[in-house]
1. I need the full set of residues from segment 192-221 which are modelled with pLDDT under 95 and among the charged types (D, E, K, R), in order please.
2. Residue by residue through segment 317-348, note down the ones that are surrounded by fewer than 18 Cβ atoms within 10 Å (Cβ to Cβ) and touching a Phe, Trp or Tyr at 6+ places or on another chain (Cβ under 7 Å).
3. Please determine, by comparing only the residues of segment 236-263 that are under 15 Å from ALA198 (Cβ atoms) and polar (S, T, N, Q), which one is nearest to the chain's Cα centre (by Cα).
4. Checking the conditions here, which among ALA518, ALA483, ALA541, ALA536 is under 25 Å from LYS414 (Cα atoms) and not basic (Lys, Arg)?
5. Select from segment 408-448 the residues that are in a helix (DSSP H, G or I) and surrounded by fewer than 21 Cβ atoms within 10 Å (Cβ to Cβ) and list them in ascending order.
6. Does LYS148 satisfy the criteria of being crowded, with 17+ Cβ neighbours inside 10 Å and among the basic types (Lys, Arg)?
7. For segment 489-512, does any single residue satisfy the condition of being assigned by TED's automatic domain parsing to the domain that holds THR273, farther than 19 Å from VAL279 by Cα, β-branched (Val, Ile, Thr) and outside any helix (DSSP H, G or I)?
Amino acid sequence: MRSGAKVAIAGGVFVVVAGGVAYGGYTLLSDDGGGSGSAQKRTQGAPARTGPLSADEIKQTSADFLQAWAKGDATAAAALTNNQSVAATALTGYRDDAHITDVVVTPGAPTGPVVPYTVKAQVSFQGKTAPLAYASQLTVVRGQSTFKPLVDWQPSVLHPQLKTGEHLVTGGAQNPEIEAVDYKDRPLTKDKYPSLGAILDGLREKYGAKVNGTAGIELQIQGDNTPARTLITLQKGSPGKLKTTLDADVQAAAETAVKRFGESSVVAVKPSTGEIRAVADNRSDKFPASLQGRVAPGSTMKIVTAAMLIEKGKAAADKPTECPSSVLWQGVTFHNLDNFSLDNKPFSMSFAKSCNTAFIKLVDDVDDDGALGKVAANYFGIGQDWKVGVPSFDGSVPASQGAETAAAYIGQGKVQMSPLDMASVAATAQSGRFRQPVIVPQSLDGRTLAQASPLPSGIDAQLREMMHITATQSYGTATVAMASVGGNKGAKTGSAEKDGQNKSDSWFTGYSDDLAAAALVQSGGHGGDAAGPIVAQVLRAG
């Protein structure tokens with residue numbers, strides 16, 4: 001807008017006018033009487049106010065800021081924030097780089113220092129125009145040095161999807177467009193499969209040019225460390241067809257399944273190929289924990305631990321194992337859930353009932369603090385550099401000492417995994433060898449995939465036997481969750497305690513025929529209660 005334009009609030013909406021401004025009956029004078037800076041001018045010579053903000057201070061400061069922003073006066077608006085230089089750059093870019101004009105702001109009723117508002121505007125570039133509408137909010141705080149009421153500057157003040165280090169840009173799109181499809185050529189869109197939003201953006205950034213797409217004109221969020229995200233398309237480009245390994249049916253089931261619990265994530269993998277069939281998240285922070293989470297996996301890690309113990313001859317599926325209610329190891333006492341115990345039962349039952357002490361009592365017999373990490377890397381591919389096609393965390397099982405070694409055996413301590421990692425662990429147990437998960441075919445770019453040795457003869461069969469018992473026998477911790485799943489099936493539950501959480505994280509991983517899946521529900525409790533039903537729903541779709 002022209003810098004000389006005046007802005008009024010009619011019915012709570014900032015609009016361009018020729019005279020003064022009124023805000024809900026609270027009058028602001030025109031520039032010859034104070035203008036957008038009048039709140040500060042009126043307090044000159046008066047003692048600086050301290051303490052909590054008054055309702056008038058919140059209303060006046062937010063009104064002045066939104067007025068200046070609506071006028072396109074980046075300097076005046078930035079001066080009303082607690083980070084003037086950053087705010088000025090962002091506000092100037094909103095006007096000059098994003099080419100956003102005709103801004104109309106509708107403030108809502110404040111809730112304490114928080115003021116919500118809606119924005120309606122136009123985006124115009126090279127003769128192309130599109131409407132823009134969204135809702136956001138700001139918070140008014142007292143300045144630390146000036147004690148003046150100021151807008152607490154956050155990128156989300158301009159747009160709710162903006163994060164630190166990101167900005168709005170309108171122009172030729174940064175990356176060519178793609179038409180993502182599943183392995184059966186069925187379309188995959190953000191609207192139909194919301195969990196794929198960040199994944200499709202990442203695939204577009206990495207592979208758009210490889211599949212011969214062309215760029216359109218778009219309003220995008222861009223940043224140095226994040227894929228460009230399209231907010232509005234003013235002119236479409238020509239999308240290149242990108243085939244993924246996803247399965248639209250399994251993806252739809254995953255999207256539905258994670259809605260059952262907050263803070264949940266799930267991944268499904270095809271054991272015979274490593275192809276990722278589904279990825280879904282339902283998290284308040286929008287973080288893709290399914291692929292990038294770094295969380296202790298709890299007793300799902302016992303799949304890897306059991307492989308290590310069997311390889312070293314310290315355990316076998318049919319070999320009797322001690323399972324006391326608790327065990328003291330290097331000054332730390334470890335318990336089983338509800339302090340249950342088993343009297344000289346096969347190791348398969350300790351696995352199926354998730355007996356912590358049966359695993360920890362064998363720590364001394366192994367006599368190698370790094371043994372678990374070696375097995376995780378050598379047979380399950382954990383900790384290697386997985387080139388999935390999008391960013392992923394590929395697991396970590398570092399060498400440890402003291403009580404942390406015992407904790408690692410049951411998936412706690414320093415061990416960290418994502419649902420992708422644990423879905424791959426189950427897939428490796430099912431097929432007998434690690435196949436690196438991928439979301440686009442290796443043939444697309446010839447990237448080098450991580451490799452691991454096949455599980456030694458007999459170990460894979462024992463793992464499948466124990467996971468099958470866990471999923472089918474009355475005493476198995478996964479039996480209830482897997483009851484509705486058919487086929488040749490197996491599973492393992494897990495619960496991981498975390499400081500500061502009242503409830504443990506819920507983990508579950510399992511397979512049915514040639515589909516494996518793993519889920520995490522943070523603060524979800526027992527593995528079979530929350531993560532288990534998610535995995536079961538995904539496996540049924542396969």
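The values are calculated or read from the model by the stated rules, or taken from the named source; none is laboratory data. What you see is a predicted model; the values in this text were computed from it and never measured. Backbone-built Cβ (ideal geometry, glycine too); neighbour counts: all protein chains shown.
1. Correct list: ASP201, ARG204, GLU205, LYS206, LYS210, GLU218.
2. Within segment 317-348, LYS319, SER325, SER326 qualify.
3. GLN251
4. Values: ALA483 fails: under 25 Å from LYS414 (Cα atoms); ALA541 fails: under 25 Å from LYS414 (Cα atoms); ALA536 fails: under 25 Å from LYS414 (Cα atoms).
When all the criteria are applied, what remains is ALA518.
5. Start the filter on segment 408-448 by keeping residues that are in a helix (DSSP H, G or I), which leaves 408-409, 419-431, 442-444.
Listed by number, the residues that qualify are GLN442, SER443, LEU444.
6. On the way: crowded, with 17+ Cβ neighbours inside 10 Å: yes; among the basic types (Lys, Arg): yes.
Yes: the conditions hold for LYS148.
7. Within segment 489-512, one or more residues are assigned by TED's automatic domain parsing to the domain that holds THR273, farther than 19 Å from VAL279 by Cα, β-branched (Val, Ile, Thr) and outside any helix (DSSP H, G or I).
So that you can scan it fast, the table gives a plain yes or no per residue for (1) outside the structural domain of SER443 (by TED's automatic domain parsing); (2) among the hydrophobic types (A, V, I, L, M, F, W, C); (3) surrounded by fewer than 21 Cβ atoms within 10 Å (Cβ to Cβ):
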site	(1), (2), (3)
ARG186	yes, no, yes
GLY208	yes, no, no
GLN220	yes, no, no
SER238	yes, no, yes
ALA254	no, yes, no
ARG260	no, no, yes
